[in-house]
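> Quick one: this structure, given as structure tokens, is what I'll be asking you about.
A short reminder: the numbers here are calculations on the coordinates, not readings from a lab. These numbers come from a predicted model, not from an experiment. For neighbour counting, all protein chains shown are included, and Cβ atoms are generated from backbone atoms with ideal geometry for every residue, glycine included.
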Amino acid sequence: MYTQALNTAETDDRGLEDAARAAQFQARIDAEERIEPNDWMPAAYRKTLTRQISQHAHSEIVGMLPEGNWITRAPTLRRKAALLAKVQDECGHGLYLYAAAETLGTSREELVDAMLAGKAKYSSIFNYPALTWADIGTIGWLVDGAAIMNQIPLCRCSYGPYARAMIRVCKEESFHQRQGYEIMLTLCRGSDEQKAMAQDALNRWWWPVLMMFGPPDATSQHSDVSTKWKIKRFSNDELRQKFVDATVPQAQYLGLTIPDPGMIQDAEGHWRYSEIDWTEFKQVLAGNGPCNRDRMAERREAHEEGAWVREAAAAYAAKRAQRQTAQAAE
Amino acid sequence: MTTPNTPLWEVFIRSRNGLAHKHVGSLHASDATMALQAARDIYTRRGEGLSIWVVPSTAITASDPAEKGMMFEPAESKIYRHPTFYEVPEEVGHM
């Protein structure tokens with residue numbers, strides 16, 4: 001979900017590796033052993049994970065923007081405190097994930113630079129705007145809900161540091177979804193205008209949220225190798241279906257209508273959704289979503305405006321180190 | 001001026017008195033004071049700990065996974081180091 005633009009060509013590198021070591025590695029994966037940073041691993045495994053974990057980290061950081069926008073306008077102090085804590089959590093999640101990605105050998109600075117240069121992606125969902133307060137409820141309920149659906153299996157991912165980071169993230173994410181649902185519940189129990197606002201937000205977010213799970217299994221080429229390496233445990237369509245089945249009753253409880261007139265419940269109880277408009281998904285990935293340019297501009301500006309802080313901290317640390325050396329020499 | 005990469009620190013947290021500090025993750029900070037403050041913000045937002053250690057990652061010497069056999073195998077074959085290796089008749093009771 002956070003690696004919607006995988007470059008599959010690089011997996012061909014495996015042919016160059018020592019076949020015996022690769023077989024040994026696969027045997028460890030098959031035996032459900034966790035791979036740790038200093039263990040031997042195929043170059044393509046390292047590349048795939050570096051890309052997936054760093055893109056996941058970028059998503060957490062960019063994900064602060066649509067919600068951070070509403071902190072000053074939250075309707076009550078209680079909502080404001082909760083939103084502030086949620087946005088702070090997203091930052092923390094980004095940092096856990098950068099640390100996990102770095103164990104594969106690329107520095108955080110390089111990872112961040114790749115994102116700012118537009119070379120690394122983040123989840124396409126954050127290229128949609130949060131127009132009203134109901135969007136904050138919907139983001140918590142659906143965007144975080146979809147993220148949890150994707151992240152729970154990642155807690156058992158074959159790469160130890162990523163799995164451990166995901167365990168921490170999942171523990172914290174549950175609060176995010178619940179606070180979002182509570183906002184929706186309050187709006188739906190409120191005035192007609194408030195309920196209409198909740199419905200409007202659901203109408204706008206529903207399809208982009210379903211797209212978060214990535215292309216349909218029939219067209220997704222990079223799943224095979226991720227599944228073989230136990231980075232991925234469920235297919236895009238399996239996770240999407242789980243999410244839809246969990247969400248429909250929640251929407252019904254709120255008295256909201258899912259904006260999919262063709263949706264029906266099949267004999268096994270699964271909610272079958274209509275065809276997803278993948279051209280929109282491709283457009284957003286290509287940089288043409290409603291907020292792509294804004295998000296990138298804001299990230300670059302924040303990075304540049306923080307440069308003096310990084311420089312000052314480095315200069316101070318260097319001065320202290322120098323003084324210590326001088327004192328030791330006396 | 002190009003800023004050097006910010007050093008990496010490993011974070012250990014004691015969740016409550018009586019327990020050992022446990023590794024929880026890592027972070028970047030330019031010095032020890034800032035590393036402690038960042039550790040508080042990143043790893044203890046929900047009362048996870050009472051005490052934090054931060055250690056520069058470069059100060060850690062790790063064993064080589066490739067030498068796992070040489071390092072740990074000798075301990076695995078010494079079953080007589082475990083209490084269950086020794087037979088004590090049931091009549092003697094718990095020992």
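> For chain A, what class follows from the C-alpha gyration tensor (a ≥ b ≥ c being the square roots of its eigenvalues): rounded when a/c is under 1.5, otherwise prolate if a/b is larger than b/c, else oblate?
In terms of gyration-tensor shape, oblate.
> Give me a comma-separated list of calculated 3J(HN,Hα) values for the stretch A:60-76, in order, Karplus coefficients 6.51, -1.76, 1.60 applied at θ = phi - 60°, integers in Hz, x for any Gly or Pro.
Per-residue couplings from phi come out as 4, 5, 5, x, 6, 5, x, 8, x, 3, 9, 4, 6, 10, 4, x, 9 Hz.
> Near A:LEU185, within a Cβ-to-Cβ distance under 15 Å, what is the net charge of the other residues, with Lys and Arg +1 and Asp and Glu -1?
The answer is +4.
> Can you give me the long-range amide H partners of B:GLY25? Hydrogens built in the peptide plane at 1.01 Å from N, cutoff under 5 Å, separation of 5 or more residues or another chain.
Correct list: B:VAL11.
> Next up: Can you work out ³J(HN,Hα) from phi for every residue in the stretch A:119-133, in order, using Karplus 6.51 cos²θ - 1.76 cosθ + 1.60 and θ = phi - 60°, giving whole Hz and x for Gly and Pro?
Computed from phi, the couplings for the stretch A:119-133 are 7, 10, 8, 9, 4, 4, 4, 7, 8, 9, x, 9, 7, 10, 4 Hz.
> Next up: Once amide H atoms are placed 1.01 Å from N in the peptide plane, what residues at a sequence separation of 5 or more from A:SER123, or on another chain, have their amide H within under 5 Å of its amide H?
A:SER59
> Given the rule -39500 (n - 2.57) for each run of at least 4 DSSP H residues, summed and divided by the residues of chain A, what is its mean residue ellipticity at 222 nm, to the nearest 500 deg cm²/dmol?
Taking each H run of at least 4 residues, the total per residue is -20500 deg cm²/dmol.
> Now for a different question. Could you list which residues have their amide H under 5 Å from that of A:ILE35, counting only those 5 or more apart in sequence or on another chain, with H placed in the peptide plane?
A:TYR159, A:GLY160
> Give a residue-ordered list of calculated ³J(HN,Hα) values for the stretch A:300-317 (Karplus: 6.51 cos²θ - 1.76 cosθ + 1.60, θ = phi - 60°; whole Hz; x for Gly, Pro).
With the stated coefficients, the stretch A:300-317 comes to 5, 5, 4, 5, 5, 5, x, 4, 5, 5, 4, 5, 5, 5, 5, 5, 5, 4 Hz.
> Just to confirm my numbers, what's the Cα centroid distance between the stretch B:37-95 and the stretch A:264-297 in Å?
Each part reduced to its Cα centre gives a spacing of 47 Å.
> Loop-only check: which GluC sites (Glu not before Pro) in the stretch A:187-276 are DSSP coil with at most 11 other Cβ within 10 angstrom?
A:GLU268, A:GLU275
> Now a separate question. What residue among A:ASP245, A:ASP30, A:ASP237 has the largest mean-square fluctuation in a Gaussian network model of chain A, using Cα springs under 10 Å?
Most flexible of the set in this elastic network: A:ASP30.
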